[in-house]
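This report concerns only the one structure given below.
The values are calculated or read from the model by the stated rules, or taken from the named source; none is laboratory data. Everything numeric here is computed off the predicted structure, so don't read it as measured data. Quick reminder, even Gly has a Cβ in these numbers, built from the backbone with ideal geometry, and neighbours come from all protein chains shown.
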Amino acid sequence: MKLKPLAWSSMLAITLRCCSIFAGEIEYQFQLTPQELEWLGDQIYSNECDANFECLTSWNSGEEFPSLGIGHFIWFQADQESAFEETFPQLIEFMNTKNAPVPPWLNEESDPNSPWTSRDDFYANFQSGDMQELRNFLEQQKALQVEFIVLRFNQTLNRIVLDFPESVRPKIEKILQTIISSQDSLGLYALIDYVHFKGTGLSDKERYQGHGWGLRQVLDEMLKKPVTLLSFVESAENILARRVNNAPIERNEQQWLAGWNNRLQTYLPSVESSTLECTSL
């Protein structure tokens, strides 16, 4: 399901900072209204699993961890190694700073790790009191989850720009500003959702055969193309196809590519996306 976009009033606020390390560093900050946050949250919730309440606690087949909340934030077991960034503990920490009524068992300092040992264990406990409490809590706190998503986006966009060679940064900034101003809300939504969906592309861990798949890689791909919202989607499709081709065979990432591409289509105007199943990382 694709939601009707808002004509967002919030545009890019750019402030120049001078410090001893980076002179003229650009800091990107987006401040969305409550209505804009609600629209963005509903769209991300729809993207992840068609706004299905049960999908607020999921463990996708072929994955090694559960995905929780409207943004499918991932949670690792103790000492678990992964190519992906763990985000659920960060979300809970953020919610605590906002005085949200976090279920006490999620704040156990003695064991802050995921309590489920496997996908089978997770679904054996799917209707347990703790799991039902978790789904209800996540459904009630949608606004804080999308606020957290935007906060992480604000914190990382300038780092993505600075990861490019200095000579290329003005072109990257121009690409970002063009995308942000595209099609009312859709350009900014595309950037925020893609960073949440596939990451920044800055982590050395998030690589298959030396290639990443985050926003940094999409922007690099766009240096070769005219800058439009459509070219952003096409560049993202190319990067995700490369990821699937480079992925370990046992992950069978081809099974998710169609859903990923459907999600990218929600960035474009006048396109009704198909119903999405719970999507993987």
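Numbers below:
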quantity	calculated
Enumeration of residues in the range 122-147 that are farther than 14 Å from E54 by Cβ, touching a residue at least 24 places away in the same chain (Cβ under 8 Å) and aliphatic (A, V, I, L, M)	A143, L144, V146
Long-range neighbours under 8 Å by Cβ, at least six apart or interchain, first residue without any contact (Cβ under 8 Å) to a residue 12 or more places away in the chain within the range 210-230, second part of a helix (DSSP H, G or I)	K225/S231; K225/E234; K225/S235
Among the residues listed as A100, A83, the single one being free of Cβ contacts under 8 Å to residues at least 60 places away in the same chain and either assigned to a loop (DSSP other than H, G, I, E, B) or closer than 28 Å to L186 by Cα (or both)	A100
Complete set of residues in the range 202-216 that are aliphatic (A, V, I, L, M) and either under 21 Å from V233 (Cβ atoms) or touching a Cys at 6+ places or on another chain (Cβ under 8 Å) (or both)	L215
Helices (runs of 4 or more DSSP H) contained entirely in the range 193-277, each with at least 3 residues that are more than 18 Å from the chain's Cα centre (by Cα)	215-222, 229-246
Residue within the range 162-169 that is of a type in the set (A, V, I, L, M, F, W, C) and crowded, with 19+ Cβ neighbours inside 10 Å present	no
Residues being within 21 Å of N125 (Cα to Cα) and either in contact with a helix residue (DSSP H, G or I) (Cβ under 8 Å, 6 or more places away or on another chain) or loosely packed, with under 14 Cβ neighbours inside 10 Å (or both) - total across the range 93-113	9
Only listed residue being farther than 21 Å from V150 by Cβ and among the polar types (S, T, N, Q), chosen from S67, S58	S58
Candidates Q155, Q132, Q90, Q145 - the one that is in a helix (DSSP H, G or I) and crowded, with 18+ Cβ neighbours inside 10 Å	Q145
Qualifying residue in the range 54-62 (condition: surrounded by fewer than 18 Cβ atoms within 10 Å (Cβ to Cβ), modelled with pLDDT of 95 or more and under 21 Å from W260 (Cα atoms))	yes
Some residue of the range 27-49 being at pLDDT below 80 and either in a helix (DSSP H, G or I) or crowded, with 20+ Cβ neighbours inside 10 Å (or both)	yes
Criterion violated by P101 - all others in (1) over 26 Å from G201 (Cα atoms); (2) modelled with pLDDT under 95; (3) of a type outside the set (V, I, T); (4) over 23 Å from the mean Cα position of the chain (by Cα) satisfied	(2)
Residue within the range 115-133 that is within 27 Å of N262 (Cβ to Cβ) and touching a helix residue (DSSP H, G or I) at 6+ places or on another chain (Cβ under 7 Å) present	no
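Listed here are the residues, each with its yes/no results for (1) crowded, with 22+ Cβ neighbours inside 10 Å; (2) within 21 Å of E85 (Cα to Cα).
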| site | (1), (2) |
| --- | --- |
| Q209 | no, yes |
| R216 | yes, yes |
| D220 | no, no |
| E237 | no, no |
| R251 | no, yes |
